[in-house]
Ligand code: SF4
Ligand code: SF4
């Protein structure tokens, strides 16, 4: 189901899963129950401006209602820009951003993640960048920048360290992306 479809979604509360809030709390959303649904986080959230049906406040509400499958069936949780504005404005120190991250962990465990996210993870492992602009080297040079940015792309040893860390995460156990050998940042044109 797309976010646009979810705008007209009729939610059946008999689908509610008791204990879902506890699952989110265990995965990093510890302050979930502190939310008073004041909507300050929503007022600051770019996901609202972009028209997504679920955003910080509504994701929290859906979790509290136990709507696990509804959230897994919607792409909204992947639209969070990690700007952390919601965390800054929340009067209850709920940290909505971390709750969305916890919800993403649930989705990853269920393999309910979009292709774009899988590509981003693969790029992160291979280059150290979730979004990797292959072929940007000439453009960078034209504006006086080094062809490679001063990141894992330019420092292969740092990339190896990042890959070693990633291989120790639950991502490796899930096998969503190939994690053998070392990346391509030191061989690809940038
Ligand atoms: S997370 Fe914070 S800002 Fe957002 S609705 Fe709940 S209490 Fe309000
Ligand atoms: S961190 Fe995510 S949920 Fe919070 S304001 Fe930014 S985009 Fe919205």
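For residue 51, indicate whether it is modelled with pLDDT of 95 or more and more than 12 Å from ligand 1 (Cβ to nearest atom).
Taking the combined requirement at face value, the residue does not satisfy it.
Which residues, taken from the range 66-85, are without any contact (Cβ under 8 Å) to a residue 60 or more places away in the chain and either within 16 Å of the chain's Cα centre (by Cα) or outside the structural domain of residue 100 (by TED's automatic domain parsing) (or both)? Before you say what the answer is, go through the steps one by one.
Kept after step one, since they are without any contact (Cβ under 8 Å) to a residue 60 or more places away in the chain, are these residues of the range 66-85: 66-69, 71-72, 77-78, 80-85.
Correct list: 71, 72, 77, 78, 80, 81, 82, 83, 84, 85.
Looking at this structure, is residue 63 touching a helix residue (DSSP H, G or I) at 6+ places or on another chain (Cβ under 7 Å) and either under 26 Å from residue 120 (Cα atoms) or touching a residue at least 40 places away in the same chain (Cβ under 8 Å) (or both)? Spell out the reasoning first.
Numbers: touching a helix residue (DSSP H, G or I) at 6+ places or on another chain (Cβ under 7 Å): yes; either under 26 Å from residue 120 (Cα atoms) or touching a residue at least 40 places away in the same chain (Cβ under 8 Å) (or both): yes.
Yes, satisfied.
Pick from 144, 51: which is out of contact with any helix residue (DSSP H, G or I) (no Cβ under 7 Å at 6 or more places or on another chain), over 29 Å from residue 179 (Cα atoms), in the same structural domain as residue 22 (by TED's automatic domain parsing) and more than 10 Å from ligand 2 (Cβ to nearest atom)?
Going through 144, 51 in turn, just one is out of contact with any helix residue (DSSP H, G or I) (no Cβ under 7 Å at 6 or more places or on another chain), over 29 Å from residue 179 (Cα atoms), in the same structural domain as residue 22 (by TED's automatic domain parsing) and more than 10 Å from ligand 2 (Cβ to nearest atom): 51.
The values are calculated or read from the model by the stated rules, or taken from the named source; none is laboratory data. No experiment lies behind these values; they were computed from the predicted model shown. Note that we place each Cβ from the backbone using ideal geometry, even for glycine, and neighbour counts take in every protein chain shown.
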